[in-house]
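Here, each number is a calculation from the coordinates, and none is a lab measurement. All values derive from a computational prediction rather than experimental measurement. Glycine also receives a Cβ, built like all others from the backbone with ideal geometry; neighbour counts cover every protein chain displayed.
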Amino acid sequence: MELRQLRYFVAIFEHRSVSRAAEHLRISQPALTRQLRQLERHVNTPLFERGPTGVSPTSAAVALHEHARLLLRLADATGEVARSAGPAKEIVRVGLPPGTPSAWLDQVLDALRSHAPGAAIQFTDASSTDQVRLLREGLLDIALVHQRPATRCTARLLYEQPAGIAVRPGHPLARRRRCHLAELDGLRILAHSRDQTTAEHDRVLTVAESLDVRPDWVFAWFIENALACATASDADAALLTRPSAQRLLPGWRWLPLTDPGFALPTWLARQPRARAIVERVAEVVTATAADPTA
């Protein structure tokens, strides 16, 4: 069966006349009749009954008509579908750590659409430790992590976010504009477990110990359920960046931690040898990292 035979059939069906259909199609009537007979042999049933004033469709023709129109519409749309498909995209798998600012992610996606149109980005939420493992196993192309990756990775420091505390509503510290590390002495402080933010965990503990500041630390593994963890542990405050505090602990006042100050770094890591599209995505992400909290 050929598409032109279906076009000829639809013309005959709608004009109810072989001669008028031939005139509409601008082909000879004998040629149109031959094509109709070939179609009838293909479907193995008569499609029209001939009469003195034209033709009448059989029940088979009525059933075939809508099917033929659908096939012809699909055939007519084939070129447009091919033209609109655009070039093929390559998947680039990017890991996201807890606390990534959503506004910055929106900027990154806008930049990638403009400057890396050949990339199809797939995000994976994972801790820094898990991302390093996934990168090593080839399950991530790019890792955004809160610790400097191993030397065998190609790594770039993207940005640093001030670390601080989110204070429970009604707590005396909630009236302050900033919090000195010494003021955490004796308070019950929720913090990420060491497996989630190794460098931050180690530095805060080391500095607090060196200054003889002894908070009652509550270390927990949490990504989305900080409020539940804080409530269950009866924490006075939680050690978080501002974007994480605003998202996870609404109503808790966030204060920058000072004397000394702490910053949570975010590094971009990839394998030293990577696909060109991965290198391009890494370049665009790095260029968008100037101000992640803007």
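Give the residue from S114, A245, G186 lying farthest towards the positive end of the charge dipole for the chain; charges sit on Cβ (+1 for Lys and Arg, -1 for Asp and Glu) and the dipole is referred to the Cα centre.
Value computed over the given set: S114.
Note down the nm distance, to one decimal, between modelled labels 7 Å out along Cα→Cβ at Q38 and at K89.
Going by the 7 Å Cα→Cβ label model, 4.3 nm.
Sequence gap at least 6, Cα distance under 8 Å: using those rules, report the relative contact order of the chain to the nearest whole percent. Could the numbers behind the result be given before it?
Working: 475 pairs, mean separation 66.5, N = 294.
Computed over the chain, the figure is 23 percent.
Using a Gaussian network model of the chain with C-alpha springs under 10 Å, which one of A63, A143, A208 is most mobile by mean-square fluctuation?
Taking springs between Cα atoms under 10 Å, the residue moving most is A63.
Pick from E90, E40, E80: which is most flexible by mean-square fluctuation in a GNM of the chain where alpha carbon atoms under 10 Å apart are linked?
Fluctuation is largest for E40.
Pulled fully out, how much extra length does the chain show between L157 and E66, if you take 0.36 nm times their separation in residues and subtract their Cα-Cα distance? The partial results should precede the final answer.
Numbers: separation 91, 0.36 × 91 = 32.76 nm, distance 6.17 nm.
Difference between extended and current length: 26.6 nm.
Going toward the positive end of the dipole of the chain, with +1 on Lys and Arg Cβ and -1 on Asp and Glu Cβ, which of P57, S19, Q38 do you reach last?
Looking along the dipole axis, the top candidate is S19.
With only Lys, Arg, Asp and Glu charged, each at its Cβ (+1 for the first two, -1 for the last two), find how big the charge dipole of region 90-287 is about the Cα centre; round to the nearest 20 debye. Could the numbers behind the result be given before it?
Numbers: 23 positive and 22 negative charges, 69 e Å.
Value, rounded to 20: 340 debye.
With a ≥ b ≥ c taken as the square roots of the eigenvalues of the C-alpha gyration tensor of the chain, please select rounded if a/c is under 1.5 and otherwise prolate if a/b is larger than b/c or oblate if it is not?
Details: a/c = 4.70, a/b = 3.29, b/c = 1.43.
Taking the square roots of the gyration eigenvalues as a ≥ b ≥ c, the chain is prolate.
Rounded to the nearest 0.05, what FRET efficiency is calculated for A150 and R175 with R0 set to 41 Å and r the Cβ-Cβ distance? Intermediate results must be reported in sequence, preceding the final value.
Details: r = 44 Å, r/R0 = 1.07.
The computed FRET efficiency comes out at 0.40.
Under a GNM of the chain (C-alpha, springs under 10 Å), which listed residue has the highest mean-square fluctuation: R133, R16, R152?
The residue that fluctuates most here is R16.
Give the calculated FRET efficiency between R50 and E80 to the nearest 0.05, with a Förster radius of 35 Å applied to their Cβ-Cβ distance. Walk me through the numbers on the way to the answer.
Values: r = 38 Å, r/R0 = 1.09.
For R0 = 35 Å, the calculated efficiency reads 0.35.
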